Amino acid sequence: MRLLPWLPVAAAALVAVAGCRAPGPGKGRMRAANRAAEAAGLPELLRYPGGLVKDVVSRQYDSLPATVYRITTRDPAELVLARYRKALSGWREFTPANIERTKLAAGFRHPTDGRLVIIETFARRPRATNVTVICAGSGW
């Protein structure tokens, strides 16, 4: 069998192109998610690793000024809520009212200044979870 003269050149080109591909779902995605969260104004304490901020809305919650952040992540809803429980462990946890049964949710109140955080999670499909983070009260 005779080797084709262009084969070594084609192999070298493939190796060069493979080294220049865009970053996958690892660190590049995490950096993009962090930049999006920072640009949206999401407090660092409430940023979810690898979560992408999709929407930010201002509204009232329990007659307090509030900002609502909508985030999407590939993690399951249970893991998301566990991560927020750990991050807000010094806050008093409560069960928020008017939460649909299809969602996992938890509320947290700061022990001294009265700020509130409400976390709602909803699994859209097996590999995606919508997360709503509501920051209410002054001081955010």
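A few comments on the model shown:
- Failed item, numbered, when Arg70 is tested on (1) buried (at least 16 other Cβ atoms within 10 Å of the Cβ); (2) of a type in the set (Lys, Arg); (3) in a loop (DSSP other than H, G, I, E, B): (3)
- Which listed residue, of Asp113, Asp75, is surrounded by 14 or more Cβ atoms within 10 Å (Cβ to Cβ) and assigned to a loop (DSSP other than H, G, I, E, B): Asp75
- Taking the criterion of being of a type in the set (Gly, Ala, Ser), over 13 Å from the mean Cα position of the chain (by Cα) and farther than 12 Å from Ile134 by Cα, the residues of region 58-90 that qualify are Ser63, Ala82, Ala87, Ser89, Gly90.
- Residue-level check: of (1) within 19 Å of Pro126 (Cα to Cα); (2) under 16 Å from the mean Cα position of the chain (by Cα), Arg101 misses just (2).
- Failed condition for Arg85, given (1) in a helix (DSSP H, G or I); (2) basic (Lys, Arg); (3) under 20 Å from Arg35 (Cα atoms): (3)
- Residue list for region 116-129, restricted to those being assigned to a loop (DSSP other than H, G, I, E, B) and either modelled with pLDDT of 95 or more or crowded, with 17+ Cβ neighbours inside 10 Å (or both): none
- Filtered residue count, region 26-66, keeping only those that are at pLDDT 80 or above, over 17 Å from Val80 (Cα atoms) and not aliphatic (A, V, I, L, M): 9
The values are calculated or read from the model by the stated rules, or taken from the named source; none is laboratory data. Quick caveat: nothing in here was measured; it's all calculated off a predicted structure. Cβ atoms come from the backbone with ideal geometry, glycine included; neighbour counts cover every protein chain shown.
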